[in-house]
Amino acid sequence: MNMTKQLLFLLSFLLIGVTLHAQDDPKSKAIVDNLMVKAKAWKTFEADFSSRMQSTKDKLDVKQEGNMKVKGKKFRLVLDNNTIVNDGTAMYTYNKESNEVNISDPSEMDQDMDPTKLFTQYEKGFKSQFVEEKADAAGVMTQVAKLFPLDAAKKPFHTVVLTVDKAKAEPKSVQVLYKDGNVVTYTLKKFTADHELADALFTFDKGKYPGVEVNDMR
């Protein structure tokens, strides 16, 4: 999975736009339902997060730091040297090391990864299972649930482990278990909802990147 898809996939599951099915147990359904109620009311949100990709097969353990900002249909995602900006009409994927930006049409984005359609794209398609309640390292009481795609054959992963803050009903971490044996864990270090985010944050100003190579793929 490339960087862009990883970031957008993360965003999708942090907002948890899923509706549970009859196969769900009451505890896991309550966890996700509570989170959905809050997430649907968010006008904006910002999160600092860390990601960790582990692969026993390839002997990899890669850690990265990132930030995401969302406002309506606009978003800005940063992960180390990569930045993705969607201003609502165009999506810019910029790499700092190469000083190169690719411009694409947001409508061509993988629909499963589109954060502007989270609550329709993920309304169906998962069953869930309650795992446990436990205090994290900071003493915050959390709830843990597993999500399983119903149409597993069409997904690269088989399980998503979701951890939420019990009191705030906000996401704390997401762990994705892939069929190839890779495990990717996203941990939210700071999360803030419904605060002012300037529209300028969701634009890509080429003037701020002297010598940038622009590849317009629209």
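The values are calculated or read from the model by the stated rules, or taken from the named source; none is laboratory data. All of these numbers come straight from a predicted model, not from anything done at the bench. A quick note on method: Cβ atoms are made from the backbone with ideal geometry, for glycine too, and the neighbour counts reach across all protein chains shown.
Could you say which residue among ILE84, ILE103 is at pLDDT 90 or above, among the aliphatic types (A, V, I, L, M) and either crowded, with 20+ Cβ neighbours inside 10 Å or closer than 19 Å to HIS195 by Cβ (or both)?
ILE84
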Subset of the stretch 51-68, residues of a type outside the set (A, V, I, L, M, F, W, C) and either modelled with pLDDT under 90 or more than 18 Å from THR83 (Cβ to Cβ) (or both), comes to SER51, ARG52, GLN54, SER55, THR56, LYS57, ASP58, LYS59, ASP61, LYS63, GLN64, GLY66
If you take the residues in the stretch 1-50 that are part of a loop (DSSP other than H, G, I, E, B) and either of a type in the set (Gly, Ala, Ser) or over 29 Å from GLN64 (Cα atoms) (or both), which one is modelled with the highest pLDDT?
-> ASP25
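Take the residues in the stretch 132-165 that are among the β-branched types (Val, Ile, Thr), part of a strand (DSSP E or B) and farther than 15 Å from VAL176 by Cβ; name whichever of them is modelled with the lowest pLDDT.
Looking at the filtered set, the residue picked out is VAL164.
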Residue in the stretch 168-183 that is touching a helix residue (DSSP H, G or I) at 6+ places or on another chain (Cβ under 6 Å) and not in a strand (DSSP E or B) present | yes
Would you please name the residue that is nearest to ALA152 (Cα to Cα), looking only at residues in the stretch 178-211 that are among the aliphatic types (A, V, I, L, M) and surrounded by fewer than 16 Cβ atoms within 10 Å (Cβ to Cβ)?
-> LEU201
